[in-house]
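K.L.:
Structure incoming, see below.
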């Protein structure tokens, strides 16, 4: 959750009227930026009308009104209409600026033509009149300058306001979306909408007024043209219109098609990157480099778009807003500022649309798809289901029901346990009670407030305490008690900052058990009537599990209604009521004794139950423990100031942009021929344009000389064959026409060559940083939230793809044009070089002074966008938890705070660019006054041809405009180059060494035996940290089944990291006699299979998830699925897997991973607590499958349930990074003082005897076969 500390420190300082007019309010930041880096505290705080919360609530009201109007008029809602109604009044003042600017620019040529006549041969204009005309021009230019820059500032501020409103509206929509819609959309599309689509408002609103102003301006200009030259020019004009308009219409239509395709491909690219980032700890292990790269590089080229239209972005945002959402979301002022909500009851264009209903939420009576009738005995049974069927898919398809005909009543203040095999619908039942699963039929009644602990722990990047409190007040006594019953106090003593330590995104710095207990503590700390706990005991060992069950569930929650989903059936005897689910239906229910008497499979299961496991926490990530402790562990009674761990700041460059960035960007084109060709075409094009200008000047001078030499009273010959100077009139026209045709062709070649050059650079840079990212060291992902990484692949790559090419082309073209203007001016009158040189010197000085600060602000604007993207990923993964605790307001506040900080950075950058442009224009205006004064006061008479004078003056006017444009383009170009700079930073990521090649090349078929030997192995996660593995020495023979056990922080996960070489080690690890240090990591990891504790599936087909390289035939894949008993659950191999595998249960995802391991048939298999989230039957299936399919393989099992490793060949007991014990489990148990014996004793006397007998039987069997 984002804490906007900078927003709390920074206070808005309201500028006075002069400061507003002359933009003085930005100068403190510009001055600061030239002294040091600009920080968040230095940013300008915009007025409250740019507040994210305020704009979100304001625009949301108009959007809901549009939805209601569309429903009444039987049409699809239009986001454009909502925008128009909400903001047209605020946008219209810009029309005044545009009218003034257009009128003055229309008058400027008239004044200039009058001034130009002063230097004509037959002019009788007095010097005073010429001076007045010049003053009038300067005055008009000054007014135009002020209006132009304030209009630009006004429009950009307005666009910023609309972007803020649209972004806030999108996030509000996310908080209301149904789980089905979230699974369809995923985070990639929303990130793309927020990073690229809303950014298109800038250009759209900048030119929107010109749609009606330009026709007026053209009409006035045409009148003056007619008055001066008659009908002749109209022939050419209408010819151009006839040719250009159809071409423009066709190009616009083509652009729209390309834009839509681009947007879809970009969504897919960012979605894929999001999955890679979220599952990065699995990717390097699972050897998916090639297939991931193929997907990214195939999708990416189609994502390089041409410049887009705002309406297409509006269409995409509108499509997201019309997605299906939950119909029962609580109405709050922030989540729904309009006091309304969408009720999904109509279909428009294939999308579910809503109708605005002013409904009132009651915590004791909730509406789900139909009015709920209060039952007379709700007080005794707060949870009641009557023949409820529900589906994640189409609620009208009775064959696809997730839950079928559920009838259930849960008594108040009782513990109801829900059990069943994998995929039976246990989690879906809780989602139904949370109103996340849509009801198809039946009645559901809930009386009371609810608190929910999800099966997959949801943690956000903040301190442990903030994750537990989740916005609630800090009650010290209650907090301490909750942490005690959730067995967290011992963990706090391990953390470097106690409970004020940061957990990292998704809790990466914690072990699985720690994440689960913090997740449980958050649910318990919240006061509620009903507690829904989704398998919270699966990630902890037997001892901790017993403490949680007795102290928390049966102790602290006694007197509360509690529904517990569990696979630990040994706790069922303490439950008041038990529900047995199977295939979405209730198979049986009743008390423990009642079910035992039924003689069903349940009673046999209980009689033969497999027992509690003993491993501690699921999988510890050592990042928290390897953090450097700056303070001692905080005592709960400490009255002193508590120090909080601060999230590591995002790396940001300082100083001016280095030329090396541009050089590396050009180098990324990977073809200097293309670069040289692009710039050569640019130079030739500009040369042709300059030649055209010079040719017109030359022709004008020749005509002037021809007329001057005519005898008095003789009219000039206007025929095409008339000799005018050196050439005939026809020849002049032929040369001019040829130059125009050449310019047209060269302009198209210029665009094509630049598009090819920049596209290649973007594609190659994307692939480079992707390849760097995929092999980055694990510490990078521990310390960098996903929002930061996605920011590089969305906002920064979007700027490189679409904004930078245009900006670079405009900048280079402008400087070439500027050079040509300077040459023409010098040719016409060398004296102009003196003021021009001074002007250029001051121009370069001001540009450098501005750029120093602007780049610092632009970099800050880039980094402040990362938390916004991070909020998207975090919110999507925790929607159920967020909504169950009614914490939408808190998340929305965090989002608004993050967006407000980014708004401050963008607003500061906007103010700086406005001030720079304004004062540079003023400088150019002074220059123009000097040039005109030279020509007017100099009285050069006939020394200078009128054509040269007119050219020099006109080019001086052009020069003032070009200098301002060049400055603007340069600043914009360098601003966009910061995106390249940020992308290039990722080319220097610390990466793993020897990925593709190594000094040792294993023989074909290696490893053939699967022997593993650790010799003097030490492992550190960074050179400054203490070792987490210490002097490991043990040997695992071929085919051995080895169980690995140990407490939290013992080093179990670090053992896997060492085996896969995810971190550097000292000592040696040999597989079949070959030291893995010398083997390419890519090859090494491909030879070891793993079934992780947190299975990651891609949003692709099931076939892709099982066989990404198409190495196996369909029969092999189906056979693997059959062996893990998933064949009947899968309709087809092309079955679509949702993002993260969300349409599979946790246990089913584990089985998919097992099927994948079966297909690969490696000699070494790692089981990283893979059975923690499955029921005993599935656990038994997995163990049976492993014994059968991997009978000759070496298997290392990170144990969670001791019964799964008691028949192992060896048990490795890890303790504080040391191999404390390594022997046969029976031998270890024969020593009553061994650590393993103490673990087994913790399971209880009866279970200890059972486990001992299993180990003894295995030992005797091995002795006989030895």
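The values are calculated or read from the model by the stated rules, or taken from the named source; none is laboratory data. Everything numeric in this text was worked out from a predicted model, so none of it was measured. So basically every Cβ, Gly included, is an ideal-geometry build from the backbone, and we count neighbours across all protein chains shown.
K.L.:
Give the stretch 447-488 a look and list any residue that's over 19 Å from residue 875 (Cβ atoms) and touching a strand residue (DSSP E or B) at 6+ places or on another chain (Cβ under 9 Å), or say none.
P.N.:
Filtering the stretch 447-488 down to residues over 19 Å from residue 875 (Cβ atoms) leaves 447-450, 464-465, 473-488.
Across the stretch 447-488, the qualifying residues are 447, 448, 449, 450, 464.
K.L.:
Continuing with the same structure: I'm trying to understand the selection: among the residues of the stretch 435-444, which are crowded, with 22+ Cβ neighbours inside 10 Å and touching a strand residue (DSSP E or B) at 6+ places or on another chain (Cβ under 8 Å)?
P.N.:
437, 438, 444
K.L.:
Another question, then. Quick one: would you say residue 703 is in contact with a helix residue (DSSP H, G or I) (Cβ under 6 Å, 6 or more places away or on another chain) and at pLDDT below 80? Working first, answer last.
P.N.:
Working: in contact with a helix residue (DSSP H, G or I) (Cβ under 6 Å, 6 or more places away or on another chain): no; at pLDDT below 80: yes.
When the stated conditions are applied, residue 703 does not pass them.
K.L.:
Right, something else. If residue 1071 meets every condition in (1) surrounded by 19 or more Cβ atoms within 10 Å (Cβ to Cβ); (2) modelled with pLDDT under 90 apart from one, which number is that one?
P.N.:
Checking residue 1071 against (1) surrounded by 19 or more Cβ atoms within 10 Å (Cβ to Cβ); (2) modelled with pLDDT under 90, the one that fails is (2).
K.L.:
Continuing with the same structure: Between 538, 558, which is out of contact with any helix residue (DSSP H, G or I) (no Cβ under 7 Å at 6 or more places or on another chain) and surrounded by fewer than 24 Cβ atoms within 10 Å (Cβ to Cβ)? Quick ask: steps written out before the conclusion?
P.N.:
Details: 538 fails: surrounded by fewer than 24 Cβ atoms within 10 Å (Cβ to Cβ).
The conditions single out 558.
For (1) surrounded by fewer than 17 Cβ atoms within 10 Å (Cβ to Cβ); (2) assigned to a helix (DSSP H, G or I); (3) on the phi < 0 side of the Ramachandran plot; (4) out of contact with any helix residue (DSSP H, G or I) (no Cβ under 6 Å at 6 or more places or on another chain), each residue gets a yes or a no:
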residue: 27; (1), (2), (3), (4): yes, yes, yes, yes
residue: 38; (1), (2), (3), (4): no, no, yes, no
residue: 41; (1), (2), (3), (4): yes, yes, yes, no
residue: 59; (1), (2), (3), (4): no, yes, yes, no
residue: 62; (1), (2), (3), (4): no, yes, yes, no
residue: 66; (1), (2), (3), (4): no, yes, yes, no
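K.L.:
Just to be sure, is residue 1265 over 30 Å from residue 1127 (Cα atoms), modelled with pLDDT under 85, crowded, with 23+ Cβ neighbours inside 10 Å and over 42 Å from the mean Cα position of the chain (by Cα)?
P.N.:
On the way: over 30 Å from residue 1127 (Cα atoms): yes; modelled with pLDDT under 85: yes; crowded, with 23+ Cβ neighbours inside 10 Å: no; over 42 Å from the mean Cα position of the chain (by Cα): yes.
It is false that residue 1265 is over 30 Å from residue 1127 (Cα atoms), modelled with pLDDT under 85, crowded, with 23+ Cβ neighbours inside 10 Å and over 42 Å from the mean Cα position of the chain (by Cα).
K.L.:
So, in the stretch 982-1013, how many residues would count as being outside any loop (DSSP other than H, G, I, E, B) and within 30 Å of residue 857 (Cα to Cα)? If you could, list the steps in order and put the result at the bottom.
P.N.:
At the first step, the residues of the stretch 982-1013 found to be outside any loop (DSSP other than H, G, I, E, B) are 982-988, 991, 1012-1013.
Those left that are additionally within 30 Å of residue 857 (Cα to Cα): 982-988, 991.
Going through the stretch 982-1013 one residue at a time, the tally reaches 8.
K.L.:
Further, regarding this structure: Filter the stretch 1087-1105 for residues that are surrounded by 22 or more Cβ atoms within 10 Å (Cβ to Cβ) and in a helix (DSSP H, G or I) and give the result.
P.N.:
Within the stretch 1087-1105, 1102, 1105 meet the criteria.
K.L.:
Give me the residue from the stretch 477-513 that is modelled with pLDDT of 80 or more and on the phi > 0 side of the Ramachandran plot and, out of that set, farthest from the chain's Cα centre (by Cα).
P.N.:
Here the answer is 487.
K.L.:
Would you please name the residue that is nearest to residue 1203 (Cα to Cα), looking only at residues in the stretch 564-580 that are assigned to a strand (DSSP E or B) and under 38 Å from the mean Cα position of the chain (by Cα)? If you could, list the steps in order and put the result at the bottom.
P.N.:
Of the residues in the stretch 564-580, the ones assigned to a strand (DSSP E or B) are 564-565, 577-580.
Keeping just the survivors that are under 38 Å from the mean Cα position of the chain (by Cα) gives 564-565.
Working: 564: 23, 565: 21 Å.
Looking at the filtered set, the residue picked out is 565.
K.L.:
For the stretch 744-755, name all the residues that are in contact with a helix residue (DSSP H, G or I) (Cβ under 6 Å, 6 or more places away or on another chain) and farther than 16 Å from residue 810 by Cβ.
P.N.:
Within the stretch 744-755, 746, 749 meet the criteria.
K.L.:
Here's another thing I want to ask about it. From 983, 1017, 1028, grab the single residue that is crowded, with 22+ Cβ neighbours inside 10 Å, in contact with a helix residue (DSSP H, G or I) (Cβ under 9 Å, 6 or more places away or on another chain) and closer than 30 Å to residue 758 by Cβ.
P.N.:
On the way: 1017 fails: closer than 30 Å to residue 758 by Cβ; 1028 fails: closer than 30 Å to residue 758 by Cβ.
Going through 983, 1017, 1028 in turn, just one is crowded, with 22+ Cβ neighbours inside 10 Å, in contact with a helix residue (DSSP H, G or I) (Cβ under 9 Å, 6 or more places away or on another chain) and closer than 30 Å to residue 758 by Cβ: 983.
K.L.:
Could you identify the single residue in 1060, 1034, 1109 that is touching a residue at least 40 places away in the same chain (Cβ under 8 Å), under 30 Å from the mean Cα position of the chain (by Cα) and closer than 30 Å to residue 1228 by Cβ? Talk me through it step by step, then tell me what you get.
P.N.:
Details: 1034 fails: under 30 Å from the mean Cα position of the chain (by Cα); 1109 fails: closer than 30 Å to residue 1228 by Cβ.
The unique qualifying residue is 1060.
K.L.:
Moving to a separate point now. Within the stretch 1041-1068, count every residue that is modelled with pLDDT under 90, in contact with a helix residue (DSSP H, G or I) (Cβ under 6 Å, 6 or more places away or on another chain) and not in a loop (DSSP other than H, G, I, E, B).
P.N.:
Of the residues in the stretch 1041-1068, 2 are modelled with pLDDT under 90, in contact with a helix residue (DSSP H, G or I) (Cβ under 6 Å, 6 or more places away or on another chain) and not in a loop (DSSP other than H, G, I, E, B).
K.L.:
Taking the residues in the stretch 1122-1154 that are part of a helix (DSSP H, G or I) and more than 34 Å from the chain's Cα centre (by Cα) as candidates, determine which candidate is nearest to residue 424 (Cα to Cα). Show your work before the answer.
P.N.:
Residues of the stretch 1122-1154 that are part of a helix (DSSP H, G or I), as a first pass: 1122-1123, 1127-1129, 1139-1141, 1146-1154.
From the residues that got through so far, the ones that are more than 34 Å from the chain's Cα centre (by Cα) too are 1122-1123, 1127-1128.
Numbers: 1122: 18, 1123: 19, 1127: 15, 1128: 13 Å.
In this case the residue turns out to be 1128.
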